[in-house]
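Values quoted throughout were computed directly from the atomic coordinates according to the rules given, and no laboratory measurement underlies them. Just so we're clear, the structure is a prediction, and the values are computed from it rather than from any experiment. Note that we place each Cβ from the backbone using ideal geometry, even for glycine, and neighbour counts take in every protein chain shown.
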Amino acid sequence: MAEAPKKLTTFDLQAKVARGEKIFQVTAVDFPTAQLVDRSGIDCILVGDSLGMTALGYASTVPVTMDEMIHHARAISRAVQRAIVVGDLPLGAYHASTADAINSAMRMIKEGGADVVKLEGGEDFAPMAEAVVRAGIPVMAHIGLTPQLMSKLGGFRVQGRSAEAGAQLLRDALALERAGCFAIVLEAIPDRVAGLITERLQIPTIGIGAGPQCDGQNLVLHDMVGLFDRFTPKFVKRYVNCGDLISKALTDFQDDVKAGGFPAAEHSFTMKDDEYQAMLAKLPKA
Ligand code: KIV
C-alpha cells in the first residue's frame, strides 16, 4: 500500500516562502473535491464560507452558520491527507467577543477536524485573532474584500484604492501579524498595495484578486472549474468548464436511454437459466 503523504504544517508554508516558492490555496466544499485538491499537491484547502454560495445556494456568505461550516469541514478533513485544512469562521462566530472567537475556533478544530482557522477583518478583529492564537489555534487572517461585511463595504468591490484605504490595509495587516496570525489572505485589492503589504510583513500573504506579488494564490474550486456561474469576479481564471461537461453528460444519458444504448449488457446483472426456470416454476400461474 502507498505510504500516506506527510501532513503539511504552517512552518512548511513559511519554509516555502523562504525558498522563493509560491503557496497554493484552494477553496473546496466536499469530500470528492477535497480529495482531488489534496492529491494535486495544493498546500492549503480552505473550507471557505463561500460554500454558502457555491454549495448551498445562498446569495452571499452572510447566512452561513457555524454548524454548516462544521458539516462541510468534517467531510473535507476526512478526505485530506497532506494539505493544511483551513476552517473559515462565518459571520457572527467571533464578532461579539474574544470568548466567542475561541469557542468557535475550538469547535472548528474539534468537531470540524480543521488544522487552523481563518477569520475576516482588519485591526478591529486583531484581539479576536490574538485570543485564538493564545488558545493554541493557528489563525489565518483575511483583509481587503471581506464578503461577510459586504453591506458595510458596499457590495463585492475592490478595496484599498485610495491612499487612506490602502494605508489602512497595511495597518490592518501589521496589526494581525502582531496578533500572531501565521498568514494573511488579501482579497480584491490593488496589486501594488498587496505588493507593499507582502514586502512589509514577515508572514506569508495569499492573494485572491491581489496581483502576482503575493507569496501565494487562492482560488475557489467552483470558480476555476466552471461550477459556479451566478457571477464571475474579474480575478477568477477558469481552467476548465465542468459545468458544460456535466450538462453534456446529462443530455447524453437521456439520449442513450431513449435510444436503448443504456443500460447495455455490461451494466446489467445476469441470472443463470436454470435458476430463472426454477423461479418461474415457483410462481403462481399468470
Ligand atoms: O470563502 C472563501 O472561499 C474565501 C476565499 C475567497 C479566500 O474566503
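Things to note:
- Looking only at region 142-162, and only at residues there that are in contact with a Phe, Trp or Tyr (Cβ under 8 Å, 6 or more places away or on another chain) and among the aliphatic types (A, V, I, L, M), the one that is nearest to Q202 (Cα to Cα): L145
- Filtered by the rule that a residue be of a type in the set (D, E, K, R) and surrounded by 15 or more Cβ atoms within 10 Å (Cβ to Cβ), region 96-111 gives D100, R107, E111.
- For Q81, the criteria (1) in contact with a helix residue (DSSP H, G or I) (Cβ under 9 Å, 6 or more places away or on another chain); (2) closer than 30 Å to Q168 by Cβ; (3) more than 12 Å from the ligand (Cβ to nearest atom) hold in every case but one, which is (2).
- Against the list (1) within 16 Å of the ligand (Cβ to nearest atom); (2) surrounded by fewer than 13 Cβ atoms within 10 Å (Cβ to Cβ), the condition R19 fails is (1).
- In region 226-236, the residue that is surrounded by the fewest Cβ atoms within 10 Å (Cβ to Cβ) out of those that are without any contact (Cβ under 8 Å) to a residue 24 or more places away in the chain and away from the ligand (no atom under 14 Å from the Cβ) is D229.
- Elements of type helices (runs of 4 or more DSSP H) contained in region 192-286, each with 3 or more residues being polar (S, T, N, Q): 242-259
- Residue count, region 102-127 (criterion: within 16 Å of the ligand (Cβ to nearest atom) and among the hydrophobic types (A, V, I, L, M, F, W, C)): 7
- Single match in L170, L149 (criterion: surrounded by fewer than 18 Cβ atoms within 10 Å (Cβ to Cβ), assigned to a helix (DSSP H, G or I) and within 20 Å of the chain's Cα centre (by Cα)): L149
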